[in-house]
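Since the structure comes first, as structure tokens, the remarks are kept for the end.
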Amino acid sequence: MPEISRAEVAHLATLARIDLSDAELDHLAPQLSVILESVASINGVAGDDVPPTSHALPLTNVFREDVVVPGLTAEEALSGAPAAEGHRFSVPRILGEEQ
């Protein structure tokens, strides 16, 4: 069973820039040991004959074919806009003069 010591938890907390109290260190060390034990048990299940996979079932592409279709002209795209200027959408300014 992998064990993680209180000193190792303190070192990890320092690396992660997490300030832990003594009580928190004492509380987290056994919990992290349980997590490491769980990971170790999973490593023992998969043998060399089992290929690594990301999904249990094979996936197929569900996307449609990429077919070129005619798009909107500039006039058609701007026809529903509340304001247009020079073949572009006209929107209110959001930045002040300081930008």
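The values are calculated or read from the model by the stated rules, or taken from the named source; none is laboratory data. Predicted model only: the values in this text are computed from it and were never measured. We place every Cβ from the backbone using ideal geometry, glycine too, and count neighbours over all the protein chains shown.
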Q.
Cβ-Cβ under 9 Å, sequence separation 6+ or interchain: first residue in the range 57-79 and closer than 30 Å to V91 by Cβ, partner surrounded by 10 or more Cβ atoms within 10 Å (Cβ to Cβ) and among the basic types (K, R). Which pairs?
A. A74/R88; L78/R88
Q.
Restricting to the range 19-32, name every residue that is surrounded by fewer than 12 Cβ atoms within 10 Å (Cβ to Cβ) and either out of contact with any helix residue (DSSP H, G or I) (no Cβ under 9 Å at 6 or more places or on another chain) or outside any helix (DSSP H, G or I) (or both).
A. D19, S21, A23, Q31
Q.
Kindly evaluate E24 against the criterion of being in contact with a Pro (Cβ under 7 Å, 6 or more places away or on another chain), free of Cβ contacts under 8 Å to residues at least 40 places away in the same chain and acidic (D, E).
A. no
Q: Looking only at the range 1-18, count how many residues are in a loop (DSSP other than H, G, I, E, B), under 22 Å from A40 (Cα atoms) and of a type in the set (A, V, I, L, M, F, W, C).
A: 2
**Q.** L95, sole failed condition from (1) at pLDDT below 90; (2) of a type outside the set (S, T, Y); (3) not in a loop (DSSP other than H, G, I, E, B)
**A.** (3)
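Quick grid of which residues meet (1) surrounded by 10 or more Cβ atoms within 10 Å (Cβ to Cβ); (2) modelled with pLDDT of 80 or more; (3) out of contact with any Phe, Trp or Tyr (no Cβ under 6 Å at 6 or more places or on another chain):
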residue: V34; (1), (2), (3): yes, yes, yes
residue: A46; (1), (2), (3): yes, no, yes
residue: L57; (1), (2), (3): no, yes, yes
residue: R64; (1), (2), (3): no, yes, yes
residue: G71; (1), (2), (3): no, yes, yes
residue: E76; (1), (2), (3): no, yes, yes
